[in-house]
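Note sheet for the following structure.
What follows is calculated from the coordinates using simple rules that are stated; it is not laboratory data. Please read all numbers here as calculations on a predicted model, not as lab measurements. Note that we place each Cβ from the backbone using ideal geometry, even for glycine, and neighbour counts take in every protein chain shown.
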Amino acid sequence: EIGCSKMLLDAGTTLIILNNCLMFYSFILYYYKNIHKMNLKLIIKKIFTVTMNIIISLSACVICYTHQRLHVTKPFIYFSKRNIMSTSNILNKNKYLSKDKTPFNFEEWLVGLTDGDGTFNTYINYSAVETSVDTKVPSAKYNKLIFTYKITLIYHNTQLLHKIKSNLGCGRIVKDKSNRYVSYVLTDKNNIINKLLPIFDKYPLFTSKYFNYLKFKEAINISNYSNMNNSEKIKLISEIKNKNIPENYISPHLLSSEMSRSWLTGFVEAEGSFYYVTKSSTRMVHGFGLTQKLACGERQKASGCEDKLILDKIKIILNITSNVKYNKKGFYSIDATSAQNIEYIINYFIFDDHTSLFLGSKSLEFSIWKRSYFKYKGNFQMLSKIRDKIRKLKTK
């Protein structure tokens, strides 16, 4: 039961232990084969049991209790009312053995990406001019409502926005004047009602953007009221637009629902980073980080608690051992650099065929990061070259 606590990590010692056990039971087997044939099956079973126990003990020790740099076992047995924690209990509690196998869901992924980089906005165009249907001549001024769903990303991630457009079957891609950013924009009200709203009703947002989504949806519903004239609609929608987010607001679904692997993939696509950390002049390690930036004004008061809570939940899901930290610049962040954390994160964001769950430029970034971990871990020169190449790709 507590074999892994006594199992040394020296391969030679392990081989000697295994060999001695097999020799012992081989002798017993030879003896009983000639004298007690009835016990032959029992002896074979014992040989198999001993062999498997040694292998399992070693595997459990290596996976759970090996220090990243020193490669020695760490103390793990603890006493609770003089009861020693058994190997079977350790394995049952080991999150390495329970990978999330849920299939990829584009809609949940889109909600996660929106929680990171998406916006819902309602605009009132007070200078719009109504055109006569018969004469096609401007006849009078009126207030026009414009509903906009937008996701804005860095320019080199344009491919991702085209995938969103293809999956939704609507919207357009817009570049900014500086060519640094690109946006997916959906303004057609019918497409918003028929294609977009059902997604965000089925898979609610976890961040405070849920509050903005509710205002956005309510404004769209009011715009379709047939028993109101345009002025009455504008007045109601203006009141909705001016609603301030409550202090310490937290999306109700953050507390009541679980974050799926697809949602987290989309969120990391927007807010996550796979990077390389220089620990010394000769040592570089892999790192993973997430940030939740606080906005100015009232939203800063409302989202501080929520931002930390989101990262705390992600910390548990990804089995990260470090704590969520608050930066003086005004945002919460969490980072992971230990080998155990990195390997779990790699395992979490891949399919069974080892391909990446990410859909945009993050997929290339993650794939290079993952491959370099298994191929060049501990190789300072190679990791430095890879880091520099990744930086150049991002600045193109």
Discussion item. Projecting each Cα onto the charge dipole of segment 106-241 (Lys/Arg +1, Asp/Glu -1 at the beta carbon, about the Cα centre), which of ILE220, TYR155, VAL111 comes out farthest on the positive side?
Written reply: TYR155
Fill in: Footprinting exposure proxy for LYS329, LYS233, LYS385 (fewest neighbouring C-beta atoms within 10 Å first)
LYS329, LYS385, LYS233
Worksheet item: D for segment 316-359, whole µm²/s, Stokes-Einstein with Kirkwood Rh over alpha-carbon pairs at 4 °C and 1.567 mPa s: what number?
Response: 107
Practice prompt. Could you size up the charge dipole of segment 106-241 around its Cα centre, putting +1 on the beta carbon of Lys and Arg and -1 on that of Asp and Glu, and report it in debye to the nearest 20?
Written response: 360
Worksheet item: Which links in LYS279/LYS385; LYS144/LYS241; LYS217/LYS308; LYS150/LYS328; LYS313/LYS370 stretch past 25 Å when you go from one Cα to the other?
Response: LYS217/LYS308; LYS150/LYS328
Worksheet item: Which of rounded, prolate, oblate describes segment 252-395, given a ≥ b ≥ c as roots of the alpha-carbon gyration tensor eigenvalues and a/c under 1.5 marking rounded, otherwise prolate only if a/b is larger than b/c?
Response: prolate
Worksheet item: Kirkwood Rh, segment 186-329, all Cα pairs: how many Å?
Response: 18.0
Response to the item:
Simple spin-label estimate for SER178/ILE368, 7 Å along Cα→Cβ, in nm, reads 2.3
Worksheet item: What full-extension length gain, to one decimal in nm, is calculated for ASN248 and SER322 as 0.36 nm per residue of separation minus the Cα-Cα distance?
Response: 24.1 nm
Worksheet item: Dipole size in debye (nearest 20) for segment 165-290 around its Cα centre, Lys and Arg Cβ +1, Asp and Glu Cβ -1?
Response: 420
Fill in: Tensor-based shape of segment 178-218 (alpha-carbon gyration tensor, a/c under 1.5 rounded, otherwise prolate or oblate)
oblate
Item to complete: Report, in debye and to the nearest 20, how large the dipole of segment 252-395 comes out about its Cα centre when Lys and Arg carry +1 and Asp and Glu carry -1 on their Cβ.
Response: 780
Response to the item:
A correct fewest-to-most ranking of ASP353, ASP307, ASP176, ASP312 by other Cβ atoms within 10 Å would be ASP353, ASP176, ASP312, ASP307
Fill in: Cross-link table LYS215/LYS394; LYS195/LYS243; LYS315/LYS362; LYS163/LYS392; LYS163/LYS189; LYS195/LYS235, entries beyond 30 Å C-alpha to C-alpha
LYS215/LYS394
